[in-house]
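The values are calculated or read from the model by the stated rules, or taken from the named source; none is laboratory data. Note that the coordinates shown come from a computational prediction; the quantities given were computed from them, not determined experimentally. Here the Cβ positions follow ideal geometry from the backbone for every residue, glycine too, while neighbour counts run over all protein chains shown. Accessible surface is based on the protein model in full, side chains and every heavy atom, while ligands, DNA and RNA are left aside. Shrake-Rupley method; radii C 1.70, N 1.55, O 1.52, S 1.80 Å.
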Amino acid sequence: MAPRGGRAAAAASSGSEDEEEDAGFSRSYFLAKEKEPSSGKKRARAAAGKLSDLNLVDEQVLRASLAEIPPKHEEEVEALTRSYKDQYRNWLFELRCGFGLLMYGFGSKKRLLEDFASTTLTDFTVIVINGYLPSVNLKQVIATIAEMFWDQIKAKRKRQPGTRSQLSQPFPSQSTDDIISFLKHQTSDDVDDRVCLLIHNIDGPALRDAESQQCLAQVSLCPQVRAVASIDHVNAPLLWDKKMVHTQFRWSWYHVPTFAPYKVEGVFYPLILASGGHAQTTKTALVVLQSLTPNAQSVFRVLAEYQLANEKEEGMPVSSLYTKCRERFLVSSQVTLNSHLTEFKDHDLVKIRKHSDGQDCLRIPLGSDALEKLLQEL
């Protein structure tokens, strides 16, 4: 079903604090870099005004200050929320017709969806998935659904005279495909046997990969399962563009901007104006790398993979990096490699030091955990 209000309106009015945060971070970083003198000589780093030189406030102090900001336009927001509650019966009707509900728009929709579930989805067993968490055990979720249906099957067989078979089905030890296959064969005319997946932030970091999206889509196709989800990232619709997974979800889109703060969802994301250690450094590196060419990113990946595999070494010799990049057709000459390295050095992505044997070596100033995370997000 087509989105209410149109996709263009969704892109304009949706988006989350995370996207605004990333955009502001990128602008601040490159504006700071533009102020540096451009010359072939060493730059005057003391006057460069790098982000790493900023005196950032402690994150807990900043969060406490944000919590003290008084809310605005409370009456208007409350009236908007009441208008959504008037649509609850329509939403329930669409769920019963086999559609899923996808809510988009600016503001946290956690409270709204949970109110909808508690007041209207009384005929469903509601299972909540908090997609905004850094990690979600999706297999455990679908195994829980399967175990619930299995318990219902055992209860029905016990009520039937002459059946003494003892059933046992250890779902957590089975593959995800086997569990989904079991769910697809569950049919019942009893409305109490239906399950609703309530997914906060289906575009969250732990769910946005193609495998998780495909898994959720297959579960939502099961006869006794329905899905209600929210999205908040400005690029969330791109999750389903490549493989058309959205057609499997059978979404019915609703534009429901709540303008509510992302209090719970935002706890798991570092604040830009707060000191964040490796998280802040990794974010800086990711912003820079995403602005470079694919070849430059690949050169950086070669260096990063070497560093992770040889943690005890002083660094990767420039000659070795050139050889590996030539083998992978990433550079055609030493001049091309040097241009990439200059870009890396200008943004403090790479440090050059003398090896004990006198040759220049390259090292990325990040710990192993931060470097692995950077490669995953790149």
The stretch 60-137: spread of alpha-carbon positions along the three principal axes, whole Å, largest first, is 47, 37, 20
Site residue 144, offset 7 angstrom along Cα→Cβ, radius 13 Å on amide nitrogen, limited to the stretch 195-231, gives 196-200
So for R0 = 41 Å, FRET eff. of residue 175-residue 128 from the Cβ-Cβ r, to 0.05, ends up at 0.95
So residue 342 and residue 320, fully extended at 0.36 nm per residue minus their Cα-Cα distance, gain in nm 6.2 nm
Expressed as a percent, the accessible surface of the stretch 295-378 that is carbon or sulfur, using a 1.4 Å probe and the full set of protein chains, is 46
Amide H contacts under 5 Å for residue 260, restricted to residues at least 5 apart in sequence or on another chain and with H modeled in the peptide plane, are 108
Residues whose built amide H sits under 5 Å from the amide H of residue 199, excluding neighbours closer than 5 in sequence, are 129, 228, 229, 230
Heavy-atom accessible area per residue of the stretch 289-378, all protein chains kept, 1.4 Å probe, expressed in Å², is 54
Phi angles of the stretch 248-258, converted by Karplus (6.51 cos²θ - 1.76 cosθ + 1.60, θ = phi - 60°) into ³J(HN,Hα) in whole Hz with x for Gly and Pro, give 6, 5, 6, 5, 10, 7, 9, 8, 10, x, 9
For the stretch 56-151, the accessible surface attributable to carbon and sulfur atoms (probe 1.4 angstrom, ligands and nucleic acids excluded) amounts in percent to 53
With DSSP loop assignment and no more than 10 other C-beta atoms within 10 Å, the GluC sites (Glu not before Pro) in the stretch 299-357 are 311
Taking a probe of 1.4 Å and leaving out DNA, RNA and ligands, the stretch 106-155 shows per residue an accessible area in Å² of 43
The extension gain from residue 375 to residue 295, computed as 0.36 nm times the residue separation minus the Cα-Cα distance, is 27.3 nm
To the nearest Å², the heavy-atom accessible area per residue of the stretch 185-234 with 1.4 Å probe amounts to 33
